[in-house]
Amino acid sequence: MPAKHLNVALLGTKFMGKAHSHAWSSAAKFFDLPGDPVLKVAVGRDKPSLDEFATRWGWEETATDWQHIVTRPDIDIVDIATPTALHCEMAIAAAEAGKQIFCEKPLALDLAQAERMAAAVNAAGVTSYLNHNYRRVPAVAFAKHLIDTGRLGRIFHWRGAYLQSWIIDPTFPLTWHLQAEHAGAGPLWDLGSHSVDLARYLVGEIASVQAVTKTFIEERPLPGADAGTFKSGGGNAAARGKVTVEDAAIMAVTFANGAIGSFESTRFATGRKNANLFEVYGEKGAVAFDLERLNELEFLDATLPSSEQGFRTVLVTEAEHPYLSAWWPPGHVIGYEHTFTHAVADFVKAVCGGSPIHPSIPDGVATMRVLDAAKQSAATGTRVACCGPA
Ligand SMILES: NC(=O)c1ccc[n+]([C@@H]2O[C@H](COP(=O)([O-])OP(=O)(O)OC[C@H]3O[C@@H](n4cnc5c(N)ncnc54)[C@H](O)[C@@H]3O)[C@@H](O)[C@H]2O)c1
């Protein structure tokens, strides 16, 4: 039987718009899927650049009015790849229209918005996915397999650090990422949401958090029209505005299962471009991962005699490793964009009645609860409780 056509509407067409377009185009080519995504409508704001984007990536139509598109009867899937402030309104409108939702992280501006989104998704009974794509790096999914099969035993420590450096230059303009009303927070939301999601996935729910945050550059030039992620877009040296998010955040957490952990989230780690690192230490072993070497997982087996122990590097490219049988022969490495293709493949299976996809929007509420607790902790100087899934 031919796969069911699933018409996709993409909201937002810059950094994530490109990554998602690539994933919608490639998923059904590499994975056997019960549904076939159709790149139906790309939605943005600027018609000329939107048309150019649609032609390049193969979107059939373009539109500048997302409200109309998310209620169109022929649209099956709404893909939200816009700045964070728009996620809540867009996801609720899509859920109420009965659409399946693929949504970028961080989930929302705050916990209250996240809870409203989860309620709308639950009430509508639609499939939702929150794009913490790093769960679908094969090496990370393999770490999850090692932990779930007991190879690390009881977990003692999580050590996470998500380090970037793209706004250290004080002339970098005040893009939406640096304004609380558009982004919710700085790297705590942007990068910390990924790390907290990975910690919840690999270790368990976070019970309490103590945080400190810091803004190093308080004021910046206003941006030019085409400013976006990692891109200055000109700027206007004369007109300046206030930075209303933190530049760096550090958290110390307790997990409900008795482990403890630390997180660093910063855009001021000089020289680090996109270092998403974690280490997990257990009584029987340990794993370590660095996104900048995403085909590799460091694994130490502490059940060996101590004279034989040592971290070894597993090249996670065997057909038996998660997702890899769909790609190339062993050793033919994959990259960042593949994580989005894996997310789309799992999402299509979930939409067509397969196993539920993780994390969903309701699941993302638990991550927002941790981040919200961190914000409160940084403001008050106290440890804040944040236990449990949504
Ligand atoms: N999964 C990841 O690793 C990852 C990486 C980067 C960004 N993100 C997230 O993706 C989202 C988008 O980030 P980005 O880096 O692509 O931002 P961006 O600034 O590069 O692109 C934002 C897009 O949204 C469009 N847009 C803004 N307002 C709109 C409106 N009212 N109607 C329609 N389109 C509108 C803009 O025109 C632009 O095309 C953010 O929530 C961000 O946190 C996730």
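The values are calculated or read from the model by the stated rules, or taken from the named source; none is laboratory data. Please read these numbers as outputs of a predicted model, since none were measured by experiment. Quick reminder, even Gly has a Cβ in these numbers, built from the backbone with ideal geometry, and neighbours come from all protein chains shown.
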Per-region count, the range 3-37, residues away from the ligand (no atom under 16 Å from the Cβ), of a type outside the set (A, V, I, L, M) and in contact (Cβ under 8 Å) with a residue 24 or more places away in the chain:
11
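Anything in the range 152-178 that is surrounded by fewer than 19 Cβ atoms within 10 Å (Cβ to Cβ) and in a loop (DSSP other than H, G, I, E, B)? List them, or say none.
Applying the first criterion (surrounded by fewer than 19 Cβ atoms within 10 Å (Cβ to Cβ)) to the range 152-178 yields 153-154, 156-157, 159, 165-166, 168-171, 176.
The answer is 153, 154, 165, 166, 168, 169, 170, 171.
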Tell me yes or no: at least one residue of the range 193-201 is under 24 Å from residue 109 (Cα atoms), surrounded by 16 or more Cβ atoms within 10 Å (Cβ to Cβ), out of contact with any helix residue (DSSP H, G or I) (no Cβ under 8 Å at 6 or more places or on another chain) and touching a residue at least 12 places away in the same chain (Cβ under 8 Å).
yes
Can you find, within the range 122-138, the residue that is nearest to the ligand (Cβ to nearest atom) among those that are hydrophobic (A, V, I, L, M, F, W, C) and buried (at least 24 other Cβ atoms within 10 Å of the Cβ)?
130
Looking at the range 91-103, which of its residues are surrounded by fewer than 24 Cβ atoms within 10 Å (Cβ to Cβ) and closer than 26 Å to residue 177 by Cα?
92, 93
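I'm checking my understanding of the structure. Among residues of the range 38-53 that are of a type outside the set (D, E, K, R) and away from the ligand (no atom under 12 Å from the Cβ), which one is farthest from residue 28 (Cα to Cα)? Please lay out each step first, then the result.
Step one: list which residues in the range 38-53 are of a type outside the set (D, E, K, R), which gives 38-39, 41-44, 48-50, 53.
The next check asks that each one be away from the ligand (no atom under 12 Å from the Cβ); those that pass are 38-39, 48.
Details: 38: 10, 39: 12, 48: 29 Å.
Among those that are of a type outside the set (D, E, K, R) and away from the ligand (no atom under 12 Å from the Cβ), it is 48.
Which one is farthest from the ligand (Cβ to nearest atom), of the residues in the range 101-119 that are in a helix (DSSP H, G or I) and farther than 20 Å from residue 10 by Cα? First the steps, then the outcome.
At the first step, the residues of the range 101-119 found to be in a helix (DSSP H, G or I) are 111-119.
Now restrict to residues that are farther than 20 Å from residue 10 by Cα: 111-116, 118-119.
Values: 111: 16, 112: 17, 113: 13, 114: 13, 115: 18, 116: 17, 118: 17, 119: 20 Å.
Among those that are in a helix (DSSP H, G or I) and farther than 20 Å from residue 10 by Cα, it is 119.
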Within the set of pairs 6 or more residues apart or between chains, which connect a residue that is in contact (Cβ under 8 Å) with a residue 60 or more places away in the chain inside the range 92-116 to a residue that is part of a loop (DSSP other than H, G, I, E, B) and within 11 Å of the ligand (Cβ to nearest atom) with Cβ atoms less than 7 Å apart?
104/81; 105/132; 106/184; 108/184; 109/184; 110/184; 114/107; 114/108
Number of the condition not met by residue 17 [criteria: (1) within 19 Å of the chain's Cα centre (by Cα); (2) part of a strand (DSSP E or B)]
(2)
Condition first: in contact with a Gly (Cβ under 9 Å, 6 or more places away or on another chain) and in contact (Cβ under 8 Å) with a residue 24 or more places away in the chain. Now tell me which residues in the range 117-149 satisfy that.
117, 118, 124, 126, 128, 130, 132, 146, 147
Just wondering, is there one or more residues in the range 71-85 that are buried (at least 18 other Cβ atoms within 10 Å of the Cβ) and either polar (S, T, N, Q) or under 30 Å from residue 286 (Cα atoms) (or both)?
yes
With 347, 268, 299 as the choices, which residue is closer than 21 Å to residue 148 by Cα and of a type in the set (Phe, Trp, Tyr)?
299
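Tell me yes or no: at least one residue of the range 197-207 is more than 17 Å from residue 373 (Cα to Cα), more than 14 Å from the chain's Cα centre (by Cα) and more than 14 Å from the ligand (Cβ to nearest atom).
Step one: filter the range 197-207 for residues more than 17 Å from residue 373 (Cα to Cα), giving 198, 201-203.
Filter once more, keeping what is more than 14 Å from the chain's Cα centre (by Cα): 202-203.
Pick out the ones that are also more than 14 Å from the ligand (Cβ to nearest atom) and you get 202-203.
Checked against the condition, which is being more than 17 Å from residue 373 (Cα to Cα), more than 14 Å from the chain's Cα centre (by Cα) and more than 14 Å from the ligand (Cβ to nearest atom), the range 197-207 yields at least one hit.
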Exclusive hit being modelled with pLDDT of 95 or more and under 21 Å from the mean Cα position of the chain (by Cα), set 390, 366
366
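Can you tell me which of 259, 269, 227 is at pLDDT below 95 and over 24 Å from residue 380 (Cβ atoms)? It would help to see each step written out before you state the result.
Numbers: 259 fails: at pLDDT below 95; 269 fails: at pLDDT below 95.
Within the list 259, 269, 227, the selection yields 227.
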